[in-house]
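Below is one structure, written out as structure tokens, with a few remarks after it.
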Amino acid sequence: MKRTTVTIAVLAAALGLAACGSTSNPLGTGSASSSSSAAGGVVTVGSADFSESILLADIYAGALKAAGINATTHTGIGSREVYLKALTDGSVQIVPEYTGALALYYDKTFDKTDPAQVYDALKSLLPTGLTVLNRSAAEDNDSMAVTKATAEAKHLKTVEDLKTVAGSMTLGAPPEFQTRAQGIPGLARVYGVTFGTFRPLKGQQLVQALKNGQVDVANIFSTDPSYATDGFVALTDTKKLFGSQNVVPLVSTSVADKVAPVLNKVSAVLTTVKLAAMLKETDVDKKDPSAVAEEFLKANGLG
Amino acid sequence: MIGAIWTWLTSTSSWSGDDGIPHRLLQHAGYSALVLVVAAAIAVPLGVWIGHSGHGRSLVTVANSLRAVPTLGLLFALTLVLQPHLQGNTAFLLPCVIALVLLAVPPILSGAYAGVEAVDPAARDAAKGVGMRPREVLRHVELPCALPLLMSGLRSAALQVIATATIAAYVGLGGLGRYLVDGIATNDYPRTGGGAVLVALFALVADIVGALVQARVVSPGLTGKGRRLARVDHPTVPSGATAS
């Protein structure tokens, strides 16, 4: 048995699968299972180490299983740098990704913003061996949130609508928003929107400040559970200042044909609102992500 | 790295505008002063009363156990609880001031209490002996004698408050903490490092000022620097009046 393991390891090294070969690779155990998975036809869905990515991995794996494909998950791998390595060394075959962020990872000067253009450009940027399936309408992107009351009182639907009223409003956003090109400078350049005051806040603090009225507009993620829990309204980014961050399955070309029909169906039904509602269940109600994924798949006829 | 921090500290853009060093330093000094005044207003009278009367010593122990409360955690908790009931800037300032006051009270209280408590009973008795009433004993004997410990309590509180007031930046306020929080958020390490240097320098300068004030207000008779040292050490008290 021991000899077999050694042989496999040597073979793997010879085949260049261990080319990245760092001994500190936290995916050591994952690599071992990949050699068996290749034989047994198991598809492993990996994910980054934040709840949305884990949830998406559970959704992909659940849909594949329901379609009769032997799938398993390896969630919470780490940052993009780490899980992309897992994808190229074959420990996982699928990871949920975001179009704009992934394109920017491969091209540091990437500046396209239109969803279709970003998606097409991303395809050409991917290294051989990797491909993306259909993109979903769901986006995890920067967004400008207001309370329902503010939206109604000031007739706000899009970011552009802020132009005339922003001068008397307070913007709450993470500190980096103040200097980032897509932040305050971008709002002024693209929309002509300049806020009266800026309050640097982030995370739960920012959500609370918006809820309690200390800030009037908040820069939070479009899938933030507070959209579902507090009934915030997302102002549409009509001029795509924040670019496009559509959820898309990044897959190894070796399994692409096999999983594409199933995952494309998932992408077809996934929306930002649905994703935010599911994240509210996993993050606020502390439900198990795989259970939430199963509910979603059943409700959309994919389970 | 040190060069980059120096460049940030000396560039003219770091010294102008709302995010400039003078404005941030003023905000930082403002928060610290407000906190210290409130904390001293609570802790000095209380500590002096405990030391003078000998009642409520357990309060000092309770206050000292407050030192174990993590200020940042307390700040977030207070913000969550208080913010829904407050408006505008107060919604951010009040939780911050309360959290920092709780940090500043224990050293001031201990200093005031220990200072009064440690007054030489002989001096107290002598004051009573010459006909002073309890209030006069407190004002003319106990308080001046307690000043060195009282002042060191205040200085240690000032040091902690100035160093910790950086957390104001976490709840959207200004102060020198902005450089730390914003610097980390934008990977601008010279800014973060520069902010840290400024906080440390400010705390040091404040402590030096505190030391100078202490040297001025504390009676030379207590510090051993006065010329009348010999007489203070061997006061002429009628036999039988000394406690020792």
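Bear in mind these aren't lab numbers, they're just calculated from the coordinates by the rules spelled out. Here the structure is a predicted model, which means the values were calculated and not measured. Here the Cβ positions follow ideal geometry from the backbone for every residue, glycine too, while neighbour counts run over all protein chains shown.
Suppose we filter B:GLY175, B:GLY153, B:GLY183 for residues that are facing chain A (nearest Cβ under 10 Å) and either under 30 Å from A:THR197 (Cβ atoms) or not charged (D, E, K, R) (or both); which single one remains? So that I can check it myself, show each step before the final result.
On the way: B:GLY175 fails: facing chain A (nearest Cβ under 10 Å); B:GLY153 fails: facing chain A (nearest Cβ under 10 Å).
Matching residue, one of B:GLY175, B:GLY153, B:GLY183: B:GLY183.
Using the structure shown, decide if B:ALA169 is away from chain A (no Cβ under 14 Å) and touching a helix residue (DSSP H, G or I) at 6+ places or on another chain (Cβ under 6 Å).
On the way: away from chain A (no Cβ under 14 Å): no; touching a helix residue (DSSP H, G or I) at 6+ places or on another chain (Cβ under 6 Å): yes.
Criteria not met by B:ALA169.
Rundown of residues vs (1) in contact (Cβ under 8 Å) with a residue 60 or more places away in the chain; (2) more than 18 Å from the chain's Cα centre (by Cα); (3) outside any helix (DSSP H, G or I), yes/no style:
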| position | (1), (2), (3) |
| --- | --- |
| B:LEU25 | yes, no, no |
| B:ALA29 | yes, no, no |
| B:LEU36 | yes, no, no |
| B:ALA39 | yes, no, no |
| B:VAL48 | yes, no, no |
| B:ARG67 | no, no, no |
| B:ALA77 | no, yes, no |
| B:LEU80 | no, yes, no |
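The single residue among A:GLN178, A:GLN205 that is over 20 Å from A:VAL118 (Cα atoms), within 14 Å of chain B (Cβ to nearest Cβ) and either in contact (Cβ under 8 Å) with a residue 12 or more places away in the chain or among the hydroxyl-bearing types (Ser, Thr, Tyr) (or both) turns out to be A:GLN178. Hey, does segment A:186-202 have a residue that's within 14 Å of another protein chain (Cβ to nearest Cβ), in a helix (DSSP H, G or I) and without any contact (Cβ under 8 Å) to a residue 40 or more places away in the chain? No, that holds for no residue.
Of the residues A:ALA101, A:ALA67, A:ALA138, A:ALA121, which single one is of a type in the set (A, V, I, L, M, F, W, C) and surrounded by 23 or more Cβ atoms within 10 Å (Cβ to Cβ)? Lay out the reasoning, then the answer.
On the way: A:ALA101 fails: surrounded by 23 or more Cβ atoms within 10 Å (Cβ to Cβ); A:ALA67 fails: surrounded by 23 or more Cβ atoms within 10 Å (Cβ to Cβ); A:ALA121 fails: surrounded by 23 or more Cβ atoms within 10 Å (Cβ to Cβ).
Of the residues listed, the single one that is of a type in the set (A, V, I, L, M, F, W, C) and surrounded by 23 or more Cβ atoms within 10 Å (Cβ to Cβ) is A:ALA138.
Could you check, for segment A:129-141, whether at least one of its residues is in contact with a Phe, Trp or Tyr (Cβ under 6 Å, 6 or more places away or on another chain), among the polar types (S, T, N, Q) and in a loop (DSSP other than H, G, I, E, B)? Among the residues of segment A:129-141, at least one is in contact with a Phe, Trp or Tyr (Cβ under 6 Å, 6 or more places away or on another chain), among the polar types (S, T, N, Q) and in a loop (DSSP other than H, G, I, E, B), which makes the answer yes. Just one of (1) touching a residue at least 60 places away in the same chain (Cβ under 8 Å); (2) away from chain A (no Cβ under 14 Å) fails for B:CYS96. It is (2).
With the structure loaded, tell me whether B:LEU154 is under 21 Å from the mean Cα position of the chain (by Cα), without any contact (Cβ under 8 Å) to a residue 40 or more places away in the chain and part of a helix (DSSP H, G or I) or whether it fails that test. I'd like the intermediate steps shown before the answer.
Working: under 21 Å from the mean Cα position of the chain (by Cα): yes; without any contact (Cβ under 8 Å) to a residue 40 or more places away in the chain: no; part of a helix (DSSP H, G or I): yes.
Against the criterion (under 21 Å from the mean Cα position of the chain (by Cα), without any contact (Cβ under 8 Å) to a residue 40 or more places away in the chain and part of a helix (DSSP H, G or I)), B:LEU154 does not qualify.
Scanning segment B:134-177 for residues that are of a type in the set (Gly, Ala, Ser) and farther than 22 Å from B:GLY210 by Cα turns up B:ALA168, B:ALA169, B:GLY172, B:GLY174, B:GLY177.
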